[in-house]
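What follows draws every value from the coordinates through simple rules; no lab data is involved. In this text, all values refer to a predicted model and were calculated from it rather than measured experimentally. A quick note on method: Cβ atoms are made from the backbone with ideal geometry, for glycine too, and the neighbour counts reach across all protein chains shown.
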Amino acid sequence: MASLLLACPALPAAAEPSAARQKELIHLVRQDCGSCHGMTLQGGLGPALLPATLAGKPAESLVATIIGGRPGTPMPPWHQFVAEDEAQWIVARLMTGFPQ
Amino acid sequence: MKRALQLLLPGLLALLLVACAGTSVRGTGDLGLVIERAAGHVALVNTSFRSAYARIGGLGDLSHASVVYSRDARYAYVFGRDGGLTKIDLLEARIDKRVMQSGNAIGGSISQDGRIVVAQNYTPGGIKAFDAETLELLSEVPAEYAPGQFSKVVGLADVPGNKFAYALFDGGEIWVSDFTDPKKPVTTRYPAGLQPYDGLVTPDGRYYLAGLFGEDGIALLDLWQPEKGARKILEKYGRGEEKLPVFKMPHLRGWSVAAGRAWLPAIGRHEVLVADASTWKETGRVAVKGQPVFVMASPDGRQIWVNFAFPDNGWVQVIDTLSGQVVQTLQPGKAVLHMEFTPRGEAVWISARDDNRVVIYDTRNFARLGEIPVDAPSGIFFTSRAARIGF
């Protein structure tokens, strides 16, 4: 159910971040996630985070990766800076084409 | 447009000087280049006037871009994230040549004789060599560490003998490729350790160090006696304690050998590790504000300037190499990405990405000497790099 909601950007997830917070999250993803995934999200030390490369991957597991990181790889846990519903918002945007 | 003007006005005098290069002869020793990360532009700068004198666009994706200089210090080679390789003429302030060399590059290097420019690539993993004059492809070394398995390449550095040393993140090896024949490089492989994330060569060109992400320690290869293989130094520096998260990978490139010691970022610890640069034994560590990213020695070796990963990226700290203590903590602006010393180190230029400015400090008394407006600045590269091994 959650992944259905996420796959469909027209239906906002339960707690959509405020407009100001969305701006911060976009900046965070492009700039700070971008240091490993590339500012254009086409990949670097970390894999590309583009709709085509994420297609078919379960949204919940991508959200869990952002919140908890992936031990043994350079992907760090972001829970101190990104709440669960914000991570859901990020994943939904990544899967449909991330805003500039 | 407004920003471009803002940027250009203070540099008008310098621009005039440079624009007249055809008629009045000029050197490039006080020139350099700042990457404008977001906009795909570079700002050309002058360290005597502390100003930008030109801005050049059309360079593609410049996140994580790096730069090396031709041996005459006139041309900058800019390696873009999207695989673009652009040769810029600092005197005429224009693009001389540009090629697309790969899908995903993170940096490059130039050979000892200045004739070969080499790019290191993540995908397809490997290095590619180009003629420094024409940017024509000469040869490539795919980082195929096991049949069908290619590694991301990190830590590329030029080393004496027209060789290049680099590390394989996925392959866990250091490779040294000899470009004596630029069309037929000969590569030797050395097992190094788990997940090398970057590398550096010491200022004398003797030692290649690869920082390891997957284990506590640094792999060290003595290029004077490579047959001895890579060995590990600073092993178990984490003392088995749990690592702190690393929100940005440290960069090793940049001389961090000063006062007879190597100053290196720890991974997952808010510390700078210090090792004797002849025995390579740990001699100490310095507690700092966050996960170090760049740990850079001033040209005279008296100071080490350190910047940090998110979320501590608004700070810069200065370590005095004589006392081994942090002597200054600065806040140059939001999201400090890079630092560069003027050729003899009287000043340091620091990029603050989210404040859209480069801030200049006096290294003796830490006074702010000035600032230059630059759109989302990241790397700062001065022509003094042209004459240094490993830059």
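Which three lengths, in whole Å and largest first, does the protein assembly as shown cover when its Cα atoms are put on their principal axes?
69, 57, 49
I want to check the label-to-label distance for B:ARG94 and B:THR134. Put each point 7 Å from Cα in the C-beta direction and report it in nm to one decimal.
According to this spin-label approximation, the distance is 2.2 nm.
Which of A:ALA19, A:ALA87, A:ALA55 moves most in a GNM of chain A, Cα contacts under 10 Å?
Among A:ALA19, A:ALA87, A:ALA55, the largest mean-square fluctuation in the Gaussian network model of chain A belongs to A:ALA19.
When the Kirkwood hydrodynamic radius is evaluated over all pairs of different C-alpha atoms of region B:113-200, what value in angstrom, to one decimal, is obtained?
12.8 Å
Averaged across the residues of A:44-56, what count of C-beta atoms belonging to other chains lies within 10 Å of each residue's C-beta?
Mean partner-chain Cβ count within 10 Å for A:44-56: 2.
Kindly state, as a whole number, the per residue volume in cubic angstrom of the convex hull around the alpha carbon atoms of region B:238-377.
So the per-residue hull volume is 99 Å³.
Would you tally the net charge around A:PRO17, using a Cβ to Cβ cut-off of less than 14 Å, leaving A:PRO17 out, and scoring K and R as +1, D and E as -1?
-2
Tell me the mean residue ellipticity at 222 nm calculated for chain A from its helices only (DSSP H runs of n ≥ 4, each -39500 (n - 2.57), averaged over every residue, nearest 500).
One gets -12000 deg cm²/dmol as the mean residue ellipticity at 222 nm.
Can you give the helix-only mean residue ellipticity at 222 nm for chain B, where every DSSP H stretch with n ≥ 4 adds -39500 (n - 2.57) and the sum goes over all residues, rounded to the nearest 500 deg cm²/dmol?
Rounded to the nearest 500, it is -1000 deg cm²/dmol.
If I model a spin label as a point 7 Å beyond the Cα along the Cα-Cβ vector, how far apart are those points for B:SER48 and B:SER323 in nm?
3.6 nm
Let me make sure I get this right: for region B:215-259, a, b and c are the square roots of the gyration tensor eigenvalues over alpha carbons, sorted descending. Under 1.5 in a/c it's rounded, otherwise prolate if a/b > b/c, else oblate. Which is it?
oblate
What does the average come to when, for each residue of peptide B:238-248, you count the partner chain Cβ atoms lying within 10 Å of its Cβ?
3
Taking a ≥ b ≥ c as the square roots of the eigenvalues of the Cα gyration tensor of region B:320-368, is the shape rounded (a/c under 1.5), prolate (a/b larger than b/c) or oblate?
Prolate, because a/c is 1.5 or more and a/b exceeds b/c.
About the Cα centre of the protein assembly as shown, how large is the charge dipole given +1 on each Lys and Arg Cβ and -1 on each Asp and Glu Cβ? Please answer in debye to the nearest 20.
540 debye
Give the average, rounded to an integer, of partner chain Cβ atoms located within 10 angstrom of each Cβ in A:34-40.
Across A:34-40, the average partner-chain Cβ count within 10 Å equals 6.
Could you work out the mean projected area of the convex hull around the alpha carbons of region B:175-329, in square nanometres to one decimal?
9.8 nm²
For each pair in A:LYS57/B:LYS289; A:LYS23/B:LYS248; B:LYS128/B:LYS289, compute the distance between the two Cα atoms and list the pairs where it is over 27 Å.
A:LYS57/B:LYS289; B:LYS128/B:LYS289
Return the single residue from B:VAL141, B:VAL118, B:VAL68 with maximal mean-square fluctuation; model: Gaussian network over chain B, springs between Cα atoms under 10 Å.
B:VAL141
Can you give the three extents of the C-alpha atoms in region A:21-96 along their principal axes, from longest to shortest, in whole Å?
Extents along the principal axes, in whole Å: 28, 25, 24.
Are there GluC sites (Glu not before Pro) in region B:227-315 that DSSP puts in a loop and that have at most 10 other Cβ atoms within 10 Å, and which ones?
B:GLU241, B:GLU242
Decide, for chain B, between rounded, prolate and oblate: order the square roots of the alpha carbon gyration tensor eigenvalues as a ≥ b ≥ c, take rounded if a/c falls under 1.5, and otherwise choose prolate if a/b is larger than b/c, else oblate.
oblate
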